[in-house]
Amino acid sequence: MKVDGKDLRPIWLDENTTVIKVIDQRCLPHEVVILDLKTVDDIIMAIKEMVVRGAPLIGVTAAYGVYLAVLNIPEENIDDDYLIKECSRIKSARPTAVNLAWAVDNVLSAVLAQKTTYQKIETARQQAQHIYNDETENCRKIGEYGFPLIEQIGIQKGGSTVNILTHCNAGWLACIEYGTATAPIYMAFDKGLDVHVWVDETRPLNQGARLTAWELGKHGVKHTIITDNAGGHLMQHNKVDIVIVGTDRTTHTGDVANKIGTYLKALAAKDNHIPFYVALPSSTFDWTLTNGIMEIEIEERDPDEVRYIRGLDNHKIRNVLIPPAESPVANFAFDVTPARLITGFITERGICKPTKADILRLFPEKTGLGLC
Ligand code: MRU
């Protein structure tokens, strides 16, 4: 996507093909800092510390992590066991986004099928690049399939503004291009529809206020940042036409893990008869789990993310303590929205209902695998 006239993506392989470049998302929106990732440890740090975040981007970063693991294998460790161990380390960086394990396993299995070191390195690079390209294309298609939902509301409203609410950042910063939840929004905007986005600030790390607002603003999309608790009120007063969010892991039965607070938005949307859509590429489906609430591991992060707020103060980025320093804090990063609260999924293969039958209608190749 364009930022101040320049093409920018959240991750790319440097020309010399030994360094992965990423935007350090911890510094946005106040600074655009590019970091170099050269080792598996760098990749793990970037995922853990949320230099990169968002399910598809975590997957792509992890895929490049496998490439770096192969590229940098020390002479004395040149066997597959070492590589498999490095891949396990990458997979344990963050638990909730299923794209992480999916991408690592995808690249690893292709690499293990190769014989020579040269073939392994080339395969890892190509496979990671393949995932990168696929996720870009998936998001473009999600935009195409989701666009008519917004267009239809615009027609029903006689051309007046379509108000979309989103949570966290499921934009291009969380993917490679277009985003998932934002792809239909960007497409609607680019086609000249009058759209406005309510952006949940998304405590504790404020991915909405810092990242989604920055992205939308750079693209020229009208938006307003709201506190995480404002959505219900806006819905009661007809100020939200549709909710579109992303997801970190979605069961093949339709339960959705996404940033903490998503569930409450879905409850409020249901109570107010507002369509609630989840946009996701197929890499975010978990084909093995059936009960999201019981089975999806919810990441608990450092309590200091809740205790401190980070922001710009007199041209310097600072952390400020909010509660009494001694008060205990819990920091659950995700919650699960049950399928019954969801109107539909927007995927790269089209829109489906949040049911096993309809998901498998779009992904029939998953039916025979004995996973479901
Ligand atoms: O903790 P984060 O910032 O990685 O959480 C991200 C989200 O919850 C996104 O909504 C989700 O990954 C979908 S990204 C297209």
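Please treat every number below as a calculation from the coordinates, not as lab data. Small disclaimer: the values here were computed from a predicted structure and weren't measured. Cβ placement follows ideal geometry from the backbone for every residue including glycine, while neighbour counts extend to all protein chains displayed.
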Notebook entry, point to check: Based on the Kirkwood radius over alpha-carbon pairs, what value in µm²/s does the Stokes-Einstein equation return for the translational diffusion coefficient of the chain at 25 °C and 0.890 mPa s?
Noted result: 117 µm²/s
Note to self: Out of all DSSP beta bridges in the stretch 245-357, what portion is antiparallel? Express it as a percent rounded to 5.
What the structure shows: 75 percent
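Which whole number in µm²/s is D for the stretch 1-139 by Stokes-Einstein, with the Kirkwood Rh taken over Cα pairs at 10 °C and 1.306 mPa s?
105 µm²/s
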Checklist line | Taking ILE351, ILE244 and counting other C-beta atoms within 10 Å, the order from fewest to most | finding: ILE351, ILE244
Check: Cross-link partners among aspartates and glutamates for LYS218, C-alpha distance below 12 Å, same-chain residues fewer than 8 apart left out?
Finding: ASP4, ASP7
Notebook entry, point to check: If you plug each phi of the stretch 355-360 into the Karplus form 6.51 cos²θ - 1.76 cosθ + 1.60 with θ = phi - 60°, what whole-Hz ³J(HN,Hα) values come out, in order, with x for Gly and Pro?
Noted result: 10, 4, 4, 6, 5, 6
Next item on the list: Give me the Debye-computed log₁₀ of I(q)/I(0) at q = 0.10, 0.18 Å⁻¹ for the stretch 278-372, equal point scatterers on Cα only, no solvent, two decimals.
Entry: -0.47, -0.87
Note to self: Can you compute 3J(HN,Hα) from phi for each residue in the stretch 44-61, using the Karplus curve 6.51 cos²θ - 1.76 cosθ + 1.60 with θ = phi - 60°, rounded to whole Hz and x for Gly and Pro?
What the structure shows: 5, 4, 4, 6, 4, 8, 6, 4, 10, 7, x, 4, x, 5, 4, x, 5, 4
Notebook entry, point to check: Which lysines have a Cα lying under 16 Å from the Cα of LYS356, excluding residues fewer than 8 positions away in the same chain?
Noted result: LYS366
Next item on the list: Please go through the stretch 86-117 and write out the trypsin sites (Lys or Arg not before Pro) that DSSP classes as loop and that have at most 15 other C-beta atoms within 10 Å.
Entry: LYS115
Item checked: Local electrostatic count, HIS233, Cβ distance below 13 Å [Lys/Arg +1, Asp/Glu -1] -> -1
Notebook entry, point to check: Between their Cα atoms, which of LYS48/LYS91; LYS141/LYS270; LYS270/LYS353; LYS141/LYS265 are more than 18 Å away from each other?
Noted result: LYS141/LYS270; LYS141/LYS265
Next item on the list: Taking amide H positions as placed in the peptide plane 1.01 Å from N, state which residues far from ILE260 in sequence (5 or more) or on other chains have amide H under 5 Å from it.
Entry: PHE334, ASP335
Next item on the list: Could you calculate the FRET efficiency of GLU122 with ALA330 from 1/(1 + (r/R0)^6), where r is the beta carbon distance between them and R0 is 45 Å, rounded to 0.05?
Entry: 0.50
Notebook entry, point to check: So for the chain, taking the charge dipole from beta-carbon charges (+1 Lys/Arg, -1 Asp/Glu), which of GLY192, GLY261, GLY158 sits furthest toward the positive end?
Noted result: GLY158
Next item on the list: May I ask for the Rg/Rh ratio of the stretch 144-366, computed from Cα atoms with Rh as the Kirkwood radius, given to two decimals?
Entry: 0.97
Notebook entry, point to check: Once all Cα-Cα distances of the stretch 1-60 are split into 5 Å bins that start at 0, what whole-number percent is in each one?
Noted result: 4, 18, 29, 28, 15, 6, 1
Checklist line | Part-to-part distance (alpha-carbon centres) for the stretch 17-79 and the stretch 220-287, which is given in Å | finding: 29 Å
Margin query: I'd like the Karplus ³J(HN,Hα) series for the stretch 167-179: coefficients 6.51, -1.76, 1.60, θ = phi - 60°, whole numbers in Hz, and an x wherever there's a Gly or Pro.
Written below: 10, 6, 10, 10, x, 5, 5, 8, 10, 10, 9, 6, x
Check: Taking the chain as a Gaussian network, Cα atoms linked when under 10 Å apart, which of GLU151, GLU31, GLU75 shows the biggest mean-square fluctuation?
Finding: GLU75
Next item on the list: Can you tell me the dipole magnitude for the chain around its Cα centre, using point charges on the Cβ only (Lys, Arg +1; Asp, Glu -1), in Debye to the nearest 20?
Entry: 940 debye
